[in-house]
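A short write-up of the structure that comes next.
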Amino acid sequence: MDLRFRPYLGAFVSEEHLPAPDLPVARGLAAREQRMLRLALPALKEAAAGLERPLPLMLGLPEETELSARSEPMPFLKALGLASGIALELQRSRCFPNGRAAGLLALDAAVRFLDESKAPEVLVGGLDTLLDPTVLATLEGEDRIRRYGPTDGLIPGEAAVFLRLGRKGEGKRLGCVPLARVLATATGKEPGHRYSREPYLGEGLAQTCRLLFDSSPAGLPPVRCVYAGFNGENFWAKEWGVTFLRSRERIAEAHRLEHPAENVGDPGAAYGPLMVGVAALGLRKGYREGPVLVWCSSDRESRGAVLLQREDPEA
């Protein structure tokens, strides 16, 4: 309910699907972080099932929280490892407190980590909840929360999504069936973001996607499906329009446009990995045609994008 006790739409995980709230390792964490920890546990355990060795975790987190304000977010990562029972290689783990695009920034870092370190595997995550009094009051004060009906606004949501990335051939060695292949990743910045005084020209996402396409394999067919980081607000339509026009030759005219926030609300920093996971499942099961473009934009400057293609089940 809003500050005048009027109901509005929300998309939150029912308590029955979450671990108990009295986690000993969560003591000392802020209330929002405690809920994020509870959201993360089932997803992390699923992604890390059968893990043979400690892995680094590249984790996307919300902007402007107590967690992101700390010089080192390691207490949260340690709590996540202890509560889940998953061995995380903390020394090489990184957090990205960059909001809605954070998960794709983490994915980009994970791909670079695999390339540079020659490590066989790495975990990637996106984690956020808007079920927080301060967050909701801020969104309400900015008139950003959607009321009932087709209005310009977001539905506050939450999610925890974890992906397991491996070098080519690692899936076959582990007896796992790869869902999809990451063809390219890219990140960028929008000077004219929502809270900036600079003009909003949509340059950040357009340049990010241009970099993405320039680094993709030669001879790649046009994108047939786009998973867009729309969250219910009209604000993001401009930058996607600019991006589409600038990269028109790389996107099929009859492409399919998906925006999962229509069904799950705005899951914040988990949105990028959520869309990558859903796109990967669609490619594997054959109801989405690749290549697939996934993009996400934060309220502030961060932008991220990734290209996916169906992977050979034998790879």
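The values are calculated or read from the model by the stated rules, or taken from the named source; none is laboratory data. Everything numeric in this text was worked out from a predicted model, so none of it was measured. Virtual Cβ from ideal backbone geometry, glycine too; neighbours counted across all protein chains shown. Quick note on the areas: whole protein, heavy atoms, side chains included, nothing else; ligands and nucleic acids left out. Shrake-Rupley method; radii C 1.70, N 1.55, O 1.52, S 1.80 Å.
Below are the figures for this structure:
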quantity	calculated
Residues (without any contact (Cβ under 8 Å) to a residue 24 or more places away in the chain and over 16 Å from TYR200 (Cβ atoms)) located in region 225-244	PHE244
Residue among TYR195, TYR200 that alone is open to solvent by 50 Å² or more (accessible area, probe 1.4 Å) and hydroxyl-bearing (Ser, Thr, Tyr)	TYR195
Residue match in region 251-265 (condition: among the acidic types (Asp, Glu) and surrounded by fewer than 16 Cβ atoms within 10 Å (Cβ to Cβ))	yes
Region 119-133, subset open to solvent by 30 Å² or more (accessible area, probe 1.4 Å) and in contact (Cβ under 8 Å) with a residue 24 or more places away in the chain, residue nearest to ARG4 (Cα to Cα)	LEU131
Residue list for region 223-271, restricted to those being out of contact with any strand residue (DSSP E or B) (no Cβ under 7 Å at 6 or more places or on another chain) and in a strand (DSSP E or B)	GLU253, ALA254
Selection within region 137-185 - aliphatic (A, V, I, L, M), touching a Gly at 6+ places or on another chain (Cβ under 8 Å) and farther than 21 Å from ALA47 by Cα	ILE145, LEU154, ILE155
Qualifying residue in region 139-154 (condition: without any contact (Cβ under 8 Å) to a residue 60 or more places away in the chain, part of a helix (DSSP H, G or I) and open to solvent by less than 50 Å² (accessible area, probe 1.4 Å))	yes
Yes/no for LEU205 being outside any helix (DSSP H, G or I), touching a Lys or Arg at 6+ places or on another chain (Cβ under 9 Å) and of a type outside the set (Gly, Ala, Ser)	no
Helices (runs of 4 or more DSSP H) lying entirely in region 1-116 (those with 2 or more residues that are crowded, with 17+ Cβ neighbours inside 10 Å and over 17 Å from the mean Cα position of the chain (by Cα))	31-47, 74-84
Residues (outside any loop (DSSP other than H, G, I, E, B), in contact with a strand residue (DSSP E or B) (Cβ under 6 Å, 6 or more places away or on another chain) and more than 18 Å from ARG53 (Cα to Cα)) located in region 155-170	GLY157, GLU158, ALA160, VAL161
Residues (of a type in the set (D, E, K, R), in contact (Cβ under 8 Å) with a residue 60 or more places away in the chain and open to solvent by 50 Å² or more (accessible area, probe 1.4 Å)) located in region 167-192	LYS168, LYS172, ARG181, LYS189
Only one of LEU307, LEU283 that is within 23 Å of VAL242 (Cα to Cα), of a type in the set (A, V, I, L, M, F, W, C), open to solvent by less than 10 Å² (accessible area, probe 1.4 Å) and modelled with pLDDT of 95 or more	LEU307
